[in-house]
1. So, of the residues in the stretch 207-263 that are surrounded by 15 or more Cβ atoms within 10 Å (Cβ to Cβ) and of a type in the set (S, T, N, Q), which turns out to be farthest from E71 (Cα to Cα)?
2. Out of P302, P326, report the one residue that is surrounded by 18 or more Cβ atoms within 10 Å (Cβ to Cβ), part of a loop (DSSP other than H, G, I, E, B), touching a helix residue (DSSP H, G or I) at 6+ places or on another chain (Cβ under 9 Å) and not small (G, A, S).
3. Taking only pairs six or more apart or across chains, which ones have beta-carbon atoms under 6 Å, a first residue in the stretch 313-336 that is without any contact (Cβ under 8 Å) to a residue 60 or more places away in the chain, and a second residue that is part of a loop (DSSP other than H, G, I, E, B)?
4. Hey, can you tell me all the residues within the stretch 155-199 that are crowded, with 24+ Cβ neighbours inside 10 Å, closer than 17 Å to W53 by Cα and free of Cβ contacts under 8 Å to residues at least 60 places away in the same chain?
5. Out of the residues in the stretch 85-141 that are part of a loop (DSSP other than H, G, I, E, B) and without any contact (Cβ under 8 Å) to a residue 40 or more places away in the chain, state the one that is surrounded by the most Cβ atoms within 10 Å (Cβ to Cβ).
6. Going by what's in this entry, would S50 be described as small (G, A, S), over 19 Å from M331 (Cβ atoms) and touching a Pro at 6+ places or on another chain (Cβ under 6 Å)?
7. Would you mind listing the strands (runs of 3 or more DSSP E) fully within the stretch 179-291 where at least 3 residues are farther than 17 Å from N334 by Cα?
Amino acid sequence: MIKSPLPWSMRTHLRNLLAGTKILSTSLAGLLAAGMGMSALQAAPLAVGSSVWVGYSPFYIAQAKGFFKAEGLEIQETPFTVGSDGTVALGAGRVDVLLSVVSDTLTLAARGRPVKNLIISDYSDGADGIVARGVNSVKELKGKKVSVEFGTVWQYVLLRALAINGLRSQDIQLTNASGDAGTAAFISGQTTALAIGEPALSLAAERGKGKIIFDSRQLPGEVIDGVSFTQKIISERPEDVKKFMRAWFKGVDFLYQKPQEASQLVGQALKIAPAKVLTLLKADRVLTLAENKAAFFNPKSPLYVVRNARLNADFLLKSGVITTIPDLKGMHDNPLLKSLP
């Protein structure tokens, strides 16, 4: 959010200084004040909503290594423990940027919210799924109690898994719970199954004596995470958006060039062991700058996000989650990324 250009104390100091300095003309004083206001405006923090996910490793690394600060960009981070809360905050303009899921941003756009995906952080390749106890397949979930956080990518994964296996949400006892609450409920035996992402997916399987019966490897190209921006921040502060992008991709480079140190930094953010981070990254493909350019600008690439987002949109429309498909090309129109060397 753009804050007042000058704090009150600074304004008072400037007023007193100018009043006591005879050699400054009124017009020069005005120019100085305007210049300071513009500088403060440019230095306003970028409000970023974050959440715990291994695919957002570049952000955690960029924060820890000072890559954003090196770009002259201050980050005002708001962590969201409930994923849908972040989506609501982005749609309401309470954050400028959200570490998000493409299908969630798509849902916002379908409801008329002016938001865009400008970075594809990762493609899930087994890092999201369904863990269950006492059943061996998704088909066996019929009539069973299944927990998921509504309005998240995990609900998308669950609905897709049910559809693939000839079931609907009405065929199960579906309960809405946050990721933490749903994981605790599964481990304590209150539910038969849970749709969730890593690291909770493996934790629930281990501590709840369950097994993973479905994961995102069975939905190739459909579970896409990214970084979403409000159109307001893109229009008003395009250079700051580019600074964010440059710092992000420095984080990506660090992840691949120094995996051991990177896993320690990410482990601290996720509160898991570095070795676990490296394991999770095998099931979650973090995209480089070159891969992002392929995802946004090369329709022939398997990473092409407009085509893959269409898979999300078609299913969400069929399921009644959205009533219209937004302009997917417009949502991913990305000249700022194209301008990066």
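1. S216
2. P326
3. Pairs found: L317/I325.
4. G182
5. Checked the stretch 85-141; the qualifying residue surrounded by the most Cβ atoms within 10 Å (Cβ to Cβ) is R113.
6. yes
7. In the stretch 179-291, 193-197, 211-215, 284-286 are the strands (runs of 3 or more DSSP E) which contain 3 or more residues that are farther than 17 Å from N334 by Cα.
Residue-by-condition table, conditions (1) free of Cβ contacts under 8 Å to residues at least 12 places away in the same chain; (2) charged (D, E, K, R); (3) out of contact with any Cys (no Cβ under 9 Å at 6 or more places or on another chain):
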site: P259; (1), (2), (3): no, no, yes
site: L265; (1), (2), (3): no, no, yes
site: A269; (1), (2), (3): no, no, yes
site: I272; (1), (2), (3): no, no, yes
site: K276; (1), (2), (3): no, yes, yes
site: D284; (1), (2), (3): no, yes, yes
site: E291; (1), (2), (3): no, yes, yes
site: A294; (1), (2), (3): yes, no, yes
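The values are calculated or read from the model by the stated rules, or taken from the named source; none is laboratory data. Quick caveat: nothing in here was measured; it's all calculated off a predicted structure. Cβ sites come from the backbone with ideal geometry, for glycine too, and all protein chains shown count toward neighbours.
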